[in-house]
Amino acid sequence: MAKHHGRGVATINYPIGMNLGGDPSQALVHSNPTGKFTVSLSSIDLGQGMKSVIRQICAETLGVPVADVYVDTADSDTGPHCTGSFASRGTHRVGNAVMVAAREARAVMMEAAAEELEVDPGDLETDGRGNIRVKGAPHRSITVREVAMAAQFKQGKTIAGRGIFLVPLSDVDPETGEMSPATCYAHACVIVDVEVDDETGDVSVLKMTSAYEIGRAINPKMVEQQLVGGAWMGMSHALYETVEPYYPDPREGPRDFNEYLMPGPGDICPHEIVVLERPAPDGPFGAKGIGEMCANPVLPAVANAIFNAVGVRINDLPITPEKVLRAIKARGGAVPQARMR
Amino acid sequence: MLEFRKDIFADERDDNLLEIGQPTQRQDMLGHVTATSRYYDDHRFANLLHLKVLRSPHAHARIRSIDDSAAARAPGVKRIIRAADVPVNLNTLLSLMQFGKDDEPSLATDVVRYKGEPILGIVATSERAALEAMALVRISYDPLPAVFDVEEALKPGAPSVNPTYPKNTFEYHGKYDHQKLRFGDVDAAFAQADVVLEDRYQMSPIEHAPTETNGSIAVPDTNGRIVVYTSTQALFFSLDTAAKINALPSNQLHFIGGTVGGGFGGKVDTMTEPLAILAARLTGAPVRYRFSRHEEMQFGSPRGAERIYIKDGIMRDGRIIARQVRAYFDSGAYTRLSSYAVIKCAGHIPGPYTIPNVSADIYCVFTNRTPATAMRGFGVTAIDFAIECQMDKDAVAIGMDPLEFRMLNAYRDGDMKAHRREAKNCALIECAQVAAEKAQWPLRDEFRRMSSRQGGAARAGVTDRSRMPAPAVPPRVPASTTQRVTYERPMPAVSPAATPPPPPPTPPQPPAPAASGHGARRFSSVFGTRRR
C-alpha cells in the first residue's frame, strides 16, 4: 500500500462567443459637462469583473484616465441590448461594442478640442492624463474638462458615441456541419501533479502548472482570478461534483452543500500560471475571452495524471475514490507508469 | 502565481498602451468587500408577497386531478396560480433566436415530465405560509414509465418524454435527429491506420453552486409597468422571455440586475421572472420568487451530462489520421439550451488538432430528468475531457510522449479545420512549450523549436513527411500488420466496443470533399473546400 505520484497533461482551445443569432452587444458612451464619461450597458457583471474590463477598454480608446470613466449597467431602461454574460463573450463582444462607441465619442471630443485650439483635429492627440494637445507642440493643449464644457455650453456638440458588435450570421450545413463557430480561440496547456493512495483510492492534486494564451490581458488581476478560480472548478468537476452520484440512476441527489461534495480550502494546490498574448485580429486590443476555458483542461489532465500514477483509466466523471479503488483492484493493483519528471 | 511571457508573439502586439494591461481595481470592489453591494434580494418592499411552486414528485406521470381548495383558504394565501393563468404557457428559451419549437410549460398541464416540474404557484404573505398551504394541495397522479439513460431513450419502444419531440431527440434542420460533421473519409482512414482506439466517456451532471440562488422580485410600478429585480445573467434575454410568457409588450417591463452572486450559466434560463411578474400582476403587490438551496440543487437546471464515444485512427509516426465521435447530450425533459450546445460541440470537434478525416454525430436527447442548461464551457467541457483522455491513450498506444504527441498534431496557422474554416491565430504549440518549460517536462529540440506560425499552410497543401519528428521512443506496438482495435480497459463494467448503440438512421451521404489527385491521405488530400 502506497501513495503514487503521477503527472498528466491536457491541451485545449476555446471558441469565444455564441454562434447563434449574430451574438450582438451594444454600448453607449457619453461625457458629462465636466469631461467625465459614462458607459451605458445592459451586460451583467457576474463578479468576473466585466465592468472593470469595459472601463479600461473605454478609457484606452477615449484616451482618458480610467478614473474618468464609470460603467453603468444592467438596467433595461438605460442600457442598450446585450445578448448576455455567457459563452466567454463579455470581454470580446461588449469590449468591441464599447470601442466603437468610444471612438465615435472621441472623434467629437477631438473636433471640439480642435475648434477651441483653432487647429485641425488630425493634428491633435490625447495624453491619457486628461489633456488634448497638438502633436509636436505639447504646450498647445487643453483639458478634456475644458473641451467638454465648451462642447456643452458653447459649441452645442454631444460628446457621445454608439457601438454595436455583431458577428456575421453563420449557417450550419446539415450534411457536413460546415460553419463558422467562432471568430477567435483562446488556448491552454495544463500539467497536473497528483498523488493517488492505492489503499483508499483518494486522489490529491499536488500542483498545477499552466500556460494560457488569451490574446491580451486587459487586466492581469482579473485574468489571475479567472484562471485560478477556473482551475479550481475544473479540479472539482474531475474529482468531486455531481448532482446524480449514480447517473443515469437519478436517485440520491444532494439537497444542500452538506451533501454536495466540493473541494475545500485544504484541497487547493499551488498553481503556477504563465500567460501568453497572441492578439486576436478582431478582439478589443486583441483580447479573447477566458471565462470558461480555464476549467476545461484540468478535468482530463487530472484523469491522465491518475493513469500515470497508478495505471488505471477512469472515463466516467467524477473520479471518486470508489471508482479509483475499484479500477485498481480490477487491474490487480496499482501499476505506476513511466515518470514524466 | 501569474507571470507573463511577453517575448512570445511580441511582434504581433502593440504594448504601448496606458490603461490596457493595468491591474486596475474594480469600481465595485469596495461594495463587495464591505457587503454593501446590492443584490436583487437586498431590495426591500412593504407588503412583499412570496411565491413558491408546487413541484412534481414523479419523474413522469399524468395528472388526474388537482384539488387546491384547501390551500386557497389557508392563512396568508393571496392567490393560487394555475397553468391556465399563464398567458403563454408553452415556450422555449431560444425561440427569441428562432431556434427550436416551444416545448416547455411554465406550469405543467396534464403531464409532468421530470421530478420537480412546477405545477402550481402559491402566493402568500410569507414563504412559510406558502409552503404550509402547499401541503394542503391534493393531486392524484397516474405514474408513467420514465427513461433516464440517453441511449435507452433512443431505442424503439422507449417512453416518449416530450410531446413536441416525440422521438426523444431535438430536430435539426427540420429533418435530422442529430447534427452531423463530415470531413474527409474516416472509414478509408481507419482501414489505413496502424492503430485504432475507441472508448466511451461520461460527463456527470453538475450543479452551478452559486452563492446566491436563482430569484427575482417583481414590483408593480405606478404607471402600470412592472419593475423586476433579478439575478439573471442575460438581462434582455430574460426580459424578452418574460414578456413573451406574460404576453406583455417588452416596454411594460423594466429589468434591473447587474450584481449577481455567481452565475456559471445557471442564471440564463429565466426560471423565476415570468411567474413572479404574473403573480405581481394578479395580486397588484410586489412578489418575490426565490429558489431554496434544495430547489437550486435539484430543480434549477444543472450542467447536462454528455456521453461521448471517440474512435481514433493513428499512425505509428504519431499522426492522427481519423477521428470519429458520437455524442449524446442529456437535455432532460425539455430543450432549454442543450440544442445549441450540440452545435457548439460539433464545431469544436476534433479539438485543437489537424486531422484530415473527421466525422461526428451529436444528439440532443430528452430524458425524464431536470432540464439541463448552460454551464461554464457549455458544449465543450465534456468533449474536451473525452478528447484529451483519448489523446493520452493514443500516445501510450504508439509509445509517444503525450505532450509531444499533442504538439505533433496541434493545429497551426493555415490548417483546414473540420468545420471547413482555416485555422488562424493559433497558439497551442506555444502553450505546450511554455507549460513544459515551467513544469520541467522534457521536450526534444525539434518540439521546442516548433511554431504555430510555421508549417501549417504547407501541411494543408502537400504532405511533408520530413516535417514530422521521429517518435519519442520506439513504438511499443509490435511491428506487425495486425491492427490493434481495442484498448486495455481496467473497468470491465463498460464495454462500448462490444455493445455499439443502434446506428442512427443515416440519410444518403453527401459527396465527400473533393480529394486532390496526389493520393496521399495524410494531412493533405481533403482540403478541397478550403476557404480563405
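Nothing in this text is a laboratory measurement; each read-out follows from the coordinates by a stated rule. Computed from a predicted model, the values in this text were never measured in an experiment. All Cβ positions, glycine included, derive from the backbone under ideal geometry; neighbour counts span all protein chains shown.
Counting pairwise Cα distances across the range B:306-436, what percent come out greater than 19 angstrom? It would help to have the intermediate numbers written out before the result.
Values: 4446 of 8515 pairs.
The proportion of pairs with Cα distances above 19 Å equals 52 percent.
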* Identify, among B:Ile20, B:Ala436, B:Met203, the residue whose Cα sits farthest towards the positive end of the charge dipole of chain B, taking +1 on the Cβ of Lys and Arg and -1 on the Cβ of Asp and Glu, with the dipole about the Cα centre. => B:Met203
* **Coarse-grained scattering of the range A:241-340 at q = 0.13, 0.22 Å⁻¹, given as base-10 log I(q)/I(0) from a Debye sum over alpha-carbon atoms** => -0.72, -1.25
* How large are Rg and Dmax for chain A when only the alpha carbon atoms are used, in Å? -> 25.6, 86
* To do: Quote the charge dipole size of the range A:25-165 about the Cα centre in Debye, to the nearest 20; the model charges only the Cβ of Lys and Arg (+1) and of Asp and Glu (-1).
  => 260 debye
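Over the protein assembly as shown, what is the percentage of antiparallel beta bridges among all DSSP beta bridges, to the nearest 5?
Restricted to the protein assembly as shown, the bridges split so that about 75 percent are antiparallel.
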* Asked: How many angstrom separate the Cα center of the range A:26-70 from the Cα center of the range B:1-72?
  -> 20 Å
* Please give the helix A:298-310 orientation as an angle from the longest Cα principal axis of chain A, in degrees from 0 to 90, rounded to the nearest 10. => 30 degrees
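Under the definition of partner shielding as Cβ atoms of other protein chains within 10 Å of a residue Cβ, what is the mean value for peptide A:74-83? The partial results should precede the final answer.
Working: counts 9, 6, 15, 7, 2, 5, 1, 5, 4, 6.
Whole-number average of other-chain Cβ neighbours for A:74-83 is 6.
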* **Dipole axis of the range A:25-165 (+1 Lys, Arg; -1 Asp, Glu on Cβ), positive-most option in A:Gly122, A:Gly84, A:Thr61** => A:Gly84
* To do: Could you please report the charge total around B:Phe183, scoring K, R as +1 and D, E as -1 over all other residues with beta-carbon less than 10 angstrom from its beta-carbon?
  => +2
* To do: Excluding residues fewer than 8 places away in the same chain, name every one of the aspartates and glutamates whose C-alpha is closer than 12 Å to that of B:Lys311.
  => B:Asp187, B:Glu198, B:Asp199, B:Asp394
* Structure fact -> Rounded to whole angstrom, the alpha-carbon centroid of the range B:321-342 lies from that of the range B:401-449 at a distance of 27 Å
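More than 16 Å apart: what percent of Cα pairs in the range B:1-80 qualify?
Working: 2468 of 3160 pairs.
Result for the distance tail: 78 percent.
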* To do: For A:Lys135, list the aspartates and glutamates whose Cα falls under 13 Å from its own Cα; do not include residues on the same chain fewer than 8 positions away.
  => A:Asp120, A:Asp123, A:Glu125, A:Asp127
* **Values of log10 I(q)/I(0), in the order q = 0.10, 0.24, 0.26 Å⁻¹, for the range B:84-174 under a Debye, Cα-only, solvent-free model** => -0.38, -1.31, -1.39
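Please compute one quarter of the surface area of the Cα convex hull for the protein assembly as shown and express it in square nanometres.
Working: hull surface 150.8 nm².
It is 37.7 nm².
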* Structure fact -> Semi-axes in Å, largest first, for chain B (Cα gyration tensor, √(5λ)) are 50, 29, 19
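Below 8 Å, C-alpha to C-alpha, sequence gap of six or more: please give me the relative contact order for chain A in percent.
Once normalised by length, the contact order is 25 percent.
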* A:Cys269 to A:Met1: FRET efficiency via 1/(1 + (r/R0)^6), r the Cβ-Cβ distance, R0 25 Å, to the nearest 0.05? -> 0.60
* Any idea what the relative contact order of the range A:25-165 is, in percent, if you count C-alpha pairs under 8 Å spaced at least 6 apart? -> 34 percent
* Asked: Pairs A:Lys51/B:Lys424; A:Lys3/A:Lys288; A:Lys323/B:Lys175; B:Lys6/B:Lys180: which exceed 32 Å Cα-Cα?
  -> A:Lys3/A:Lys288; A:Lys323/B:Lys175; B:Lys6/B:Lys180
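If you add up the charges near B:Thr211, with Lys and Arg at +1 and Asp and Glu at -1, over every other residue whose beta carbon is less than 11 angstrom from its beta carbon, what do you get? Could the numbers behind the result be given before it?
On the way: positive: B:Arg293; negative: B:Glu212, B:Glu296.
Local net charge: -1.
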* **Computed helical MRE - 222 nm, the protein assembly as shown, DSSP H runs ≥ 4 contributing -39500 (n - 2.57), nearest 500** => -6500 deg cm²/dmol
* **Rg/Rg_ref, the range A:25-165, where Rg_ref = 2.2 N^0.38 Å and atoms are Cα** => 1.05
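Below 10 angstrom from the Cβ of B:Glu430, what's the summed charge of the other residues (Lys, Arg +1; Asp, Glu -1)?
+2
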* Among all the aspartates and glutamates, which ones have a C-alpha under 19 Å from B:Lys438's C-alpha, if same-chain residues fewer than 8 places away are not counted? -> A:Asp193, A:Glu213, A:Glu224, A:Glu272, A:Glu277, B:Glu3, B:Asp7, B:Asp401, B:Glu404, B:Glu430, B:Glu446
* Residues whose placed amide H lies under 5 Å from that of B:Ile81, excluding near-sequence neighbours -> B:Gly121, B:Ile122, B:Val123
* So how tilted is helix A:50-62 from the main axis of chain A? Cα-based, degrees 0 to 90, rounded to 10. -> 40 degrees
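Counting only other chains, what is the mean number of Cβ atoms within 10 angstrom of the Cβ of each residue in peptide A:19-28?
On the way: counts 4, 9, 6, 1, 1, 0, 0, 1, 0, 0.
The mean count of partner-chain Cβ atoms within 10 Å per residue comes to 2.
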* State, as an integer percentage, the relative contact order of chain B based on alpha-carbon contacts under 8 Å between residues 6 or more apart. => 16 percent
* Working out 0.36 nm times the residue gap between B:Ala10 and B:Glu446, then minus their Cα-Cα distance, what length gain in nm do you get to one decimal? -> 154.8 nm
* Past 32 Å, Cα to Cα, is the threshold; run A:Lys329/B:Lys393; A:Lys157/B:Lys267; B:Lys167/B:Lys267 against it and keep the listed order. => A:Lys157/B:Lys267
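Arrange A:Ser43, B:Ser338 by Cβ neighbour counts within 10 Å, fewest through most, would you?
On the way: A:Ser43 34, B:Ser338 27.
Placing the least packed residue first, the sequence is B:Ser338, A:Ser43.
With a Förster radius of 35 Å, plug the Cβ-Cβ distance of B:Asp42 and B:Arg128 into 1/(1 + (r/R0)^6) and report the FRET value to the nearest 0.05. Don't skip to the answer; put the middle values down first.
On the way: r = 21 Å, r/R0 = 0.60.
After rounding, the FRET efficiency stands at 0.95.
If you scale each eigenvalue of the Cα gyration tensor by 5 and take the root, what three semi-axes come out for the range B:243-334, rounded to whole angstrom and sorted largest first?
44, 15, 13
If r is the Cβ-Cβ distance from B:Leu17 to B:Gln98 and R0 is 35 Å, what FRET efficiency results, to the nearest 0.05? Provide the component values of the computation, followed by the final result.
Working: r = 40 Å, r/R0 = 1.14.
For R0 = 35 Å, the calculated efficiency reads 0.30.
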